[in-house]
1. Let me make sure I get this right: for the stretch A:169-327, a, b and c are the square roots of the gyration tensor eigenvalues over alpha carbons, sorted descending. Under 1.5 in a/c it's rounded, otherwise prolate if a/b > b/c, else oblate. Which is it?
2. Run a plain Debye calculation on the stretch B:62-165 (Cα atoms as equal point scatterers, no solvent) and give log10 I(q)/I(0) at q = 0.15, 0.18, 0.21, 0.22 Å⁻¹, rounded to two decimals, same order as the q list.
3. Using the alpha carbon gyration tensor of the stretch A:119-216, what are the three equivalent-ellipsoid semi-axes (square root of 5 times each eigenvalue), largest first, in whole Å?
4. Based on the alpha-carbon set only, what is the convex hull volume of the stretch B:1-54 divided per residue, in Å³?
5. So if I take the alpha carbon set of chain A, get Rg, then get Rh from the Kirkwood formula, what is the Rg over Rh ratio?
6. Find the eigenvalues of the gyration tensor of the Cα atoms of the stretch A:15-195, then list the square roots of 5 times those eigenvalues as equivalent ellipsoid semi-axes, largest first, in whole angstrom.
7. Report D for chain B in µm² per second (integer): Stokes-Einstein, Kirkwood Rh on Cα pairs, 10 °C, 1.306 mPa s.
8. Relative contact order of chain A, please, whole-number percent, based on alpha carbon pairs below 8 angstrom and at least 6 residues apart.
Amino acid sequence: MTEQKAEKPKRELPLSRQLVNKQTEDVYASAWAAKEKGESIGWSTAIFPQELCETFDVPVLYPENNAASISARHFGNQFIEHTEGEMKYPINICSYARLNMGMADMMKNGKFEGVEPAMPLPTFLCLANNSCTQLMKWYENLSENLSIPIFFVDCLFNYNEEEPDAYKNKYVRSQIENNIAAMEKFFNKKFDWNRFLEVQRISQVNRKLFNEIVALNTRMPAPLDGFDLFNYMSCLVICRGKESTTEILKQLKKEVEEHIANGTSTFRGTEEYRVHWEGIACWPNLGFNLKTLRKYGVNAVMNGYVTAWDVAYEPGDLNGMAKAYQCSSTNSFSTPSIMDMRSKSMKKFACDGMLCHVNRSCKLMSFHIFTGRDIIEARNKIPIVNFDGDQSDTRVFSEAQFENRLQGLVEVMKENKGGK
Amino acid sequence: MSLTDILEQFAYIANNPNAILKKYIEEGKDVIGCFPIYTPKPIIDAAGAVPMGLWGGRITPTFAGKYSPVFTCSIMRSCLELGMTGRYDGLKAVIMPILCDTFRGMSSSWRAGVTDIPLIALVHPQNRTDLGAQDFLAQEYLSVKLRLEKILNREITDESLHESIKKYNYQNALVMKFSKLALNHLDVIKPLVRHYILKSAQFISVDEHIRLMENLIEELEKLPEHVWSGKRAYFIGITAEPDELLQLFDKYNIAIVGDNLAQESRQFRTDYEICETPFWSLSSQWMHIEGCSTVHDENADMLEKFIIKEAKECAADSVVDCLMRFCDVEEYDYPDIAKCCEEEGLYCLCLEIDQSSEDNGQTLTKIQSYSEL
């Protein structure tokens with residue numbers, strides 16, 4: 001181990017957060033229990049049609065979510081070092097991939113030291129490339145190293161601003177159907193279409209609830225510190241089709257409404273400025289980012305990342321579901337389409353500025369920041385600043401640069417508010 | 001035409017794409033820019049236009065930084081720079097296959113930065129074993145045809161598409177024949193010469209390249225066989241550039257005996273099947289591509305096996321990976337390729353390629369070390 005475990009805050013967590021933690025523990029526990037019994041365990045990309053494995057009742061874990069957790073706990077470097085060193089992968093590839101491929105290889109070779117949350121090695125992989133193309137390469141490498149199959153849904157990038165053509169949707173639907181057939185053989189289980197419909201229904205309830213909660217943060221001052229959304233987002237990543245998520249989100253909604261009624265907020269400080277955070281969190285630097293934002297009275301009330309799991313369709317409509325997975329991740333759209341969403345969202349959330357994480361691991365999100373800046377400046381007339389960082393690799397982020405850029409943003413936002 | 005004249009022509013074409021673009025425009029021809037790697041060139045040819053490869057250039061981009069992060073691969077950054085600074089002026093459109101994340105981003109960057117050259121983007125299906133994949137691609141190519149017809153204001157007929165498909169298959173056959181023939185003439189077909197011959201296909205019409213290749217093969221067949229006593233390298237990667245890199249191999253008596261470079265043999269290895277409809281023919285090529293970092297294959301170790309098989313078939317003693325900096329798809333493949341080469345007794349040399357970098361000191365050391373083995 002190369003780093004000391006970070007000090008955890010002593011404050012008691014709200015009930016909704018306690019439930020999130022319990023849910024995560026349960027998901028990992030069920031995967032480990034399956035391992036004990038020699039049953040199937042999946043690793044899945046974050047926006048794969050989770051409805052399939054949920055219907056089959058097969059445990060699935062999510063390496064992107066796991067990498068984020070491990071990075072936030074400052075345990076990621078040992079795996080990244082293994083991937084770059086012993087496994088000889090170049091430093092330029094995604095740090096989630098470097099972390100996860102290193103961890104998988106160390107587990108396979110008995111070198112894993114039990115860092116939490118630990119995932120059991122999978123027996124199959126679920127891959128959807130709606131978030132990026134690197135996921136495909138990452139999973140190809142896992143598949144080869146672990147000699148396990150991939151269930152793949154190729155989601156197609158939407159390069160035009162218009163609605164995707166019907167023939168594209170037909171291909172995505174075809175893959176979902178063919179994956180169901182292939183999974184039936186692999187799991188040696190019949191697919192229960194009634195249960196599938198139920199999972200679809202629960203998934204829709206959950207995404208709607210999450211959207212309602214996010215929308216409550218349009219209140220001024222916001223009832224939530226925007227960074228809290230990163231924590232609750234995990235329910236949609238790892239348990240989008242589970243009723244336990246419904247319970248958590250109902251509880252969270254209740255807590256947020258109480259904050260609104262009491263005029264309180266989870267944002268510790270005075271909300272002087274409201275900004276949109278663009279990009280994935282710098283998980284290893286989450287604490288510093290949060291403290292620094294608070295220091296300047298800045299609440300990142302909204303970010304584009306947390307809405308990536310808003311996979312909207314009518315239960316029972318497989319075409320609609322196929323289209324939703326093709327269009328869910330913001331990374332499956334061109335920059336003008338995404339910036340159109342951002343621009344509207346920033347108006348709705350009354351953002352005074354935009355803080356953009358040029359994430360060394362995520363080329364596509366970084367491209368959007370570079371090309372989209374002009375669009376936002378022209379439409380929203382708010383200041384935008386970039387800072388360099390990474391979702392897991394601790395070598396990219398600079399505390400001084402972050403604070404310096406934030407100071408610059410605050411100065412302009414202050415001036416725009418008439419110097420107040 | 002003498003062999004020397006033919007080789008000089010290839011060298012001129014490979015080194016002067018901008019002059020060739022201007023010549024075509026002066027002649028009143030329509031030219032369509034083709035981003036790497038797999039653009040449906042027969043559609044362009046069938047429209048009576050010239051497909052011209054866009055592979056960037058040896059420049060240090062400045063304007064491109066407005067629309068692309070610094071960790072973008074140098075080919076795409078320099079393409080954007082050349083587009084933004086007017087070097088591609090005169091192209092009627094560019095076609096961009098969205099094969100990686102950089103292309104996803106670049107499609108918007110191009111539209112923002114190069115507003116007067118329309119972009120025709122397309123996506124290839126990566127889940128090739130799915131029954132819906134080829135249907136999708138045939139439709140996608142049809143969509144490219146429709147968009148191109150609108151820009152060029154002319155119809156592209158099925159007959160002309162069938163004709164163009166045949167021409168491209170014939171070009172493939174000629175290039176593959178040349179690659180084998182070159183193994184008997186490694187004293188003449190030196191690394192840089194070979195590179196120019198294959199690269200030149202990017203910048204001229206398929207008819208012109210076919211004529212040159214026919215002449216080249218005819219002249220090579222007249223030469224006595226040469227027994228090569230130096231080292232034999234099989235090249236992989238996106239491009240093997242700049243010229244100085246290949247000159248170093250020549251200097252140290254290392255021949256290139258085959259390649260899986262995106263700019264070179266990968267362009268010519270897979271034919272279009274002859275089918276009833278042209279779009280089914282066009283889409284068939286993608287379904288059969290093997291050994292390419294940008295194409296998903298259900299067999300996870302397909303790429304390494306392909307490279308080892310090819311390298312051994314041309315009796316290579318090494319695999320030289322020209323690893324394009326910031327090219328994710330290639331970077332993910334490198335460790336398994338290196339491991340496989342080691343297991344198969346092939347020396348694996350990894351050279352970092354960056355169009356905007358002048359320093360090749362490290363490369364020189366690596367090539368020297370290999371030559372001394």
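1. The shape class here is prolate.
2. Debye curve over Cα of the stretch B:62-165, log10 I(q)/I(0) at q = 0.15, 0.18, 0.21, 0.22 Å⁻¹: -0.74, -0.96, -1.11, -1.16.
3. Output for the stretch A:119-216: semi-axes of 25, 21, 17 Å.
4. Here the figure is 105 Å³ per residue.
5. Numbers: Rg = 20.9 Å, Rh = 22.1 Å.
Expressed as Rg/Rh, it is 0.95.
6. Values: eigenvalues 145, 92, 56 Å².
Gyration-tensor ellipsoid for the stretch A:15-195: 27, 21, 17 Å.
7. In µm²/s, the coefficient is 75.
8. Relative contact order of chain A: 18 percent.
No lab work stands behind these numbers, since they all come straight from the coordinates. Just so it is clear, the structure is predicted and the values come from calculations on it, not from any experiment. Ideal geometry is used to build each Cβ from the backbone, glycine not excepted, and the neighbour counts take in all protein chains shown.
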